[in-house]
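J.: One structure coming up, written as structure tokens, with questions to follow.
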Amino acid sequence: MATQDAPPRWDLRMRQRLTRGEAAALGELYDRFASLVHGLAHRVLDDERAADGITREVFVQIWENPEAYDPKQGPLRSWLAALTHRLAVQRLRVTETAALAQGGEGSAEELERKVHQASVAARADYIVQAMPTPLRAALELAYFQRRDYRRTAADLGVTEDEARRRLRLGLQLLATAHDTRPSGTPPEPGGTA
């Protein structure tokens, strides 16, 4: 497992390849992370076209400035999520502020509430996507299929104690989506984001 001192080898190689201008590296990066980037942008903006635009913008930024990603600060996945979140929140603020300026309904407080809610939802989505498969599987059984911990244990083929542990850890990770950082602040690179 990678530590803060030793970034994942794939992340290091990808940054090197992008720095050399390898178009194939950008394609590989896009194939691996486009759905994550688009999903986070869509969660914040609730607009397919705007999410498409943010997705393009994220990959253009990494292509034009690959050294902006520092592997020592955390995984490339987290860095891309933070960049996506920041750009999507900026777009949401611009769009909503323009609507307010044109006499649209709402207020600055409502805008901040909307940004905060979108940020929490996007962060929760990212946490679920990034959590280890055993935790995610337990949460999906318990939440979507309404299984109790005993049935979850049976379905997963683990002990009841292990099922409870997985559910508890998964819920603890999800609870971090509601942290108290100011709205619009992206997840910390390399963090549990």
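The values are calculated or read from the model by the stated rules, or taken from the named source; none is laboratory data. A quick note: this is a predicted structure, and the numbers were derived from the prediction, not measured. Here the Cβ positions follow ideal geometry from the backbone for every residue, glycine too, while neighbour counts run over all protein chains shown. Just the protein is used for accessible areas: all its heavy atoms, side chains included, with ligands, DNA and RNA removed. Shrake-Rupley method; radii C 1.70, N 1.55, O 1.52, S 1.80 Å.
J.: Scan the stretch 43-83 residue by residue and report those that are among the β-branched types (Val, Ile, Thr) and under 14 Å from the mean Cα position of the chain (by Cα). Steps first, please.
T.: At the first step, the residues of the stretch 43-83 found to be among the β-branched types (Val, Ile, Thr) are 44, 54-55, 58, 60, 62.
Those that are among the β-branched types (Val, Ile, Thr) and under 14 Å from the mean Cα position of the chain (by Cα): Val44, Ile54, Thr55, Val58.
J.: While we're here: Name the residue that is surrounded by the most Cβ atoms within 10 Å (Cβ to Cβ), counting only residues in the stretch 21-63 that are free of Cβ contacts under 8 Å to residues at least 12 places away in the same chain and outside any helix (DSSP H, G or I).
T.: Here the answer is Asp47.
J.: Sticking with this structure for a sec: Could you tell me whether any residue of the stretch 1-10 is open to solvent by 10 Å² or more (accessible area, probe 1.4 Å), part of a helix (DSSP H, G or I) and touching a Lys or Arg at 6+ places or on another chain (Cβ under 8 Å)? Let's see the steps before the verdict.
T.: Applying the first criterion (open to solvent by 10 Å² or more (accessible area, probe 1.4 Å)) to the stretch 1-10 yields 1-10.
This time we only want the ones that are part of a helix (DSSP H, G or I), so: 9-10.
Going one step further and asking which of them are touching a Lys or Arg at 6+ places or on another chain (Cβ under 8 Å), we end up with none.
Within the stretch 1-10 (the criterion being open to solvent by 10 Å² or more (accessible area, probe 1.4 Å), part of a helix (DSSP H, G or I) and touching a Lys or Arg at 6+ places or on another chain (Cβ under 8 Å)), the answer is no, since none of the residues qualifies.
J.: Moving on. Out of the helices (runs of 4 or more DSSP H) lying entirely within the stretch 64-177, which hold 3 or more residues that are touching a helix residue (DSSP H, G or I) at 6+ places or on another chain (Cβ under 7 Å) and either basic (Lys, Arg) or open to solvent by 40 Å² or more (accessible area, probe 1.4 Å) (or both)?
T.: Ranges flagged: 76-101, 108-130, 149-156, 160-175.
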